[in-house]
Amino acid sequence: MKFYSTNNTDLRVGFKEAVFNSMPQDKGLYMPVSIPQLDDKFINNLDRYTLPEIAFHVAQNLLGDDIPADDLKAIIYDAINFYAPVVKLEQNVYVLELFHGPSLAFKDFGARFMSRVMSYFLEEGEKQLDVLVATSGDTGGAVALGFLGVPNTRVTILYPKGKVSQIQELQLTTNGQNIRALEIDGTFDDCQALVKQAFTDHELNEQFRLTSANSINIARLIPQTFYYFNAYAQLLKEGISKVVFAVPSGNFGNIGAGLLAWKMGLPVEQFIAATNVNDTVPEFLKTGIYQPKPSVATLSNAMDVGNPSNWVRIANMFKDDAEALKSLITGCRYDDEETLAAIDVVFKQYDYVVCPHTAIAWKALKTYQQEHLAADTAGVFLSTAHPCKFPDVFTQEIADKIEIPAQVAELEKKERQAVSLGKDFEGFKGYLLNNA
């Protein structure tokens, strides 16, 4: 499979180059030259396959011969070694639990696949790979665990000071080895801007072999398609063939992967982009005007993104038909007060605890279903993180119901290690050059 830049449709690179370069020099994002259509036989019989089997089939169709079949299968079976169940809460309301990986967040799908792909492509004697990643909460922890101990790699995680939860910060800052953390005095957008600028800085690219582990990297996007196909497979087992997905949306990689799955043939009736008050995309869907703005801190911190990078990919997928995009995607936004109310209702109605991001997706789904009654269509909202990562959000009654995974208890015994920096690029560049 060849990939082009969203800023240059004539560009052609292979998967290896797209993974390692992460972002083209023209500041676009990589997209597959052609999006393969999976055959109806596979789609209609998804319920016969396991998650790793589905993942292998989807990845093989997207990547072609870039990774030989046996090697690709080994990568996927190693990376996707946890489950992602669809849990029924009521008639036509399901939750897709994506927090059963090692970092307790959906980012494990992308981070584990990407780290293993990079390790596979790295050849003995090659220059060390420096992975830069900006995080608004969960990405950093998933990338840290995905790359921890991977030979000839070093990961630098940038996170906004005071804007991630305590457990998220521990996941970023307690790893050691080849993982280092930078606490940036700014927002996630500031962290993301520093990473993007680094990729276009001549001196840094001369000194280092830079790549990104953010969802701007195509190797993060591809594996996120897997759980959409797998969710549909689980619904087929219940005799359901129509689905609406409500997706908590920050940098829009998650819903971007869902739309890529749809382009490959997954029959989805509607996608709901659920955001907090950082509502750049919902506003665009209403007004037709795309206006990025500074991000605002909220309880759903992983979605505090005012200028979502992956929107250019989504727009590119629908470049010939903007109306199709607007009809397929519905935008919803909710503030912190509405988020807390949703957490409370979900707990009382289902005896089920959701993180703030998941609560927003549930709220968006229920709002959509009230306006679009369809007895034969399942609504699935994505649960993107384990609620234990946000202890300060919950009432004591709800907090007492949360089962704390063993790896979280282990985290609290470790020492935090982070370097504090401002949001100016020269300071960040100086850190990288002085700590080569």
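Taking only pairs six or more apart or across chains, which ones have beta-carbon atoms under 7 Å, a first residue in segment 365-378 that is closer than 8 Å to VAL244 by Cβ, and a second residue that is of a type in the set (D, E, K, R) and surrounded by 13 or more Cβ atoms within 10 Å (Cβ to Cβ)?
Going by the 7 Å Cβ cut-off, the qualifying pairs are THR377/LYS242; THR377/GLU269; ALA378/LYS242.
Go through ALA257, ALA297 for me and flag whichever is assigned to a loop (DSSP other than H, G, I, E, B) and small (Gly, Ala, Ser).
ALA297
I need every pair where a residue in segment 16-44 that is of a type in the set (Lys, Arg) has its Cβ under 9 Å from the Cβ of a residue that is not in a loop (DSSP other than H, G, I, E, B), sequence separation at least 6 or different chains.
What qualifies is LYS16/VAL117; LYS16/PHE121; LYS27/SER5; LYS27/LYS196; LYS27/PHE199.
Regarding segment 52-73, can at least one residue be identified that is under 29 Å from ARG209 (Cβ atoms), open to solvent by 60 Å² or more (accessible area, probe 1.4 Å), part of a loop (DSSP other than H, G, I, E, B) and among the basic types (Lys, Arg)?
No, segment 52-73 has no match at all.
Could you grab me the full set of residues in segment 353-376 that are open to solvent by 10 Å² or more (accessible area, probe 1.4 Å) and either assigned to a helix (DSSP H, G or I) or under 20 Å from ASP335 (Cα atoms) (or both)?
Correct list: VAL353, TRP362, LYS363, LYS366, THR367, TYR368, GLN369, GLN370, GLU371.
Please go through segment 24-51 and pick out each residue that is in a helix (DSSP H, G or I) and either within 19 Å of TYR227 (Cβ to Cβ) or of a type outside the set (Lys, Arg) (or both).
Result: ASP40, PHE42, ILE43, ASN44, LEU46, ASP47, ARG48, LEU51.
Contact list please: Cβ distance under 6 Å, first residue in segment 342-357 and within 10 Å of PRO387 (Cα to Cα), second residue among the hydroxyl-bearing types (Ser, Thr, Tyr), pairs at least six apart or on different chains.
As it stands, the answer is PRO356/SER300; PRO356/THR339; HIS357/SER300; HIS357/THR384, since those pairs meet every condition given.
Using the structure shown, decide if LEU260 is closer than 24 Å to VAL380 by Cβ, surrounded by fewer than 23 Cβ atoms within 10 Å (Cβ to Cβ), of a type outside the set (Asp, Glu) and touching a residue at least 60 places away in the same chain (Cβ under 8 Å).
Considered against the rule, which asks whether it is closer than 24 Å to VAL380 by Cβ, surrounded by fewer than 23 Cβ atoms within 10 Å (Cβ to Cβ), of a type outside the set (Asp, Glu) and touching a residue at least 60 places away in the same chain (Cβ under 8 Å), LEU260 comes out as no.
Enumerate the pairs (first residue in segment 77-90 and among the aromatic types (Phe, Trp, Tyr); second residue anywhere and part of a helix (DSSP H, G or I)) with beta-carbon separation below 8 Å, excluding pairs fewer than 6 apart on the same chain, so at least 6 apart or on different chains.
Taking only residues 6 or more apart or on different chains, the pairs are TYR77/PRO52; TYR77/PHE56; PHE82/ASP108; TYR83/LEU51.
What number of residues in segment 318-352 are surrounded by fewer than 20 Cβ atoms within 10 Å (Cβ to Cβ), touching a Leu at 6+ places or on another chain (Cβ under 9 Å) and part of a helix (DSSP H, G or I)?
Looking only at that region, the number is 7.
Of all residues in segment 311-323, which are over 14 Å from TYR290 (Cβ atoms) and at pLDDT 90 or above?
Selection gives MET317 alone.
Is there a residue in segment 379-391 that is polar (S, T, N, Q) and surrounded by fewer than 22 Cβ atoms within 10 Å (Cβ to Cβ)? Walk me through how you get there before you give the answer.
Initial filter on segment 379-391 (polar (S, T, N, Q)): 383-384.
Those left that are additionally surrounded by fewer than 22 Cβ atoms within 10 Å (Cβ to Cβ): none.
Checked segment 379-391: no residue is polar (S, T, N, Q) and surrounded by fewer than 22 Cβ atoms within 10 Å (Cβ to Cβ).
Kindly indicate which of VAL247, VAL268 is modelled with pLDDT of 95 or more, outside any helix (DSSP H, G or I), of a type in the set (Val, Ile, Thr) and surrounded by fewer than 24 Cβ atoms within 10 Å (Cβ to Cβ).
None of the others qualify; the one that does is VAL268.
Collect the residues in segment 128-139 that are buried (at least 21 other Cβ atoms within 10 Å of the Cβ), more than 15 Å from SER215 (Cβ to Cβ) and not hydrophobic (A, V, I, L, M, F, W, C), keeping them in residue-number order.
Going through segment 128-139, the residues buried (at least 21 other Cβ atoms within 10 Å of the Cβ) turn out to be 129, 131-139.
Now restrict to residues that are more than 15 Å from SER215 (Cβ to Cβ): 129.
Within segment 128-139, no residue meets the criteria.
Out of segment 155-171, which residues are buried (at least 24 other Cβ atoms within 10 Å of the Cβ) and of a type outside the set (Val, Ile, Thr)?
Passing the criteria: LEU158, TYR159, PRO160, GLN168, GLN171.
Only one of these is touching a helix residue (DSSP H, G or I) at 6+ places or on another chain (Cβ under 7 Å) and either open to solvent by 10 Å² or more (accessible area, probe 1.4 Å) or closer than 29 Å to GLY379 by Cβ (or both): ALA181, ALA142. Name it. Break it down into steps so the answer makes sense when it comes.
Values: ALA181 fails: either open to solvent by 10 Å² or more (accessible area, probe 1.4 Å) or closer than 29 Å to GLY379 by Cβ (or both).
Within the list ALA181, ALA142, the selection yields ALA142.
For segment 191-204, state whether one or more residues are assigned to a helix (DSSP H, G or I), under 17 Å from LYS107 (Cα atoms) and touching a residue at least 40 places away in the same chain (Cβ under 8 Å).
Yes, there is a match, as at least one residue in segment 191-204 is assigned to a helix (DSSP H, G or I), under 17 Å from LYS107 (Cα atoms) and touching a residue at least 40 places away in the same chain (Cβ under 8 Å).
If I filter segment 82-115 down to residues being among the aromatic types (Phe, Trp, Tyr) and in contact with a strand residue (DSSP E or B) (Cβ under 8 Å, 6 or more places away or on another chain), which single residue comes out as farthest from LEU51 (Cα to Cα)?
Filtering first and then ranking leaves TYR94.
Can you say whether ASN44 is open to solvent by 10 Å² or more (accessible area, probe 1.4 Å) and within 30 Å of THR173 (Cα to Cα), as far as the supplied structure shows?
Spelling it out, it is not the case that ASN44 is open to solvent by 10 Å² or more (accessible area, probe 1.4 Å) and within 30 Å of THR173 (Cα to Cα).
Considering segment 280-295 alone, what residues qualify as being of a type outside the set (Val, Ile, Thr) and open to solvent by less than 10 Å² (accessible area, probe 1.4 Å)?
PRO282
The values are calculated or read from the model by the stated rules, or taken from the named source; none is laboratory data. What you see is a predicted model, and the numbers here were worked out from it, not measured in a lab. So basically every Cβ, Gly included, is an ideal-geometry build from the backbone, and we count neighbours across all protein chains shown. Please note that ligands, DNA and RNA were not included when accessible areas were found on the heavy atoms of the full protein model with its side chains. Shrake-Rupley method; radii C 1.70, N 1.55, O 1.52, S 1.80 Å.
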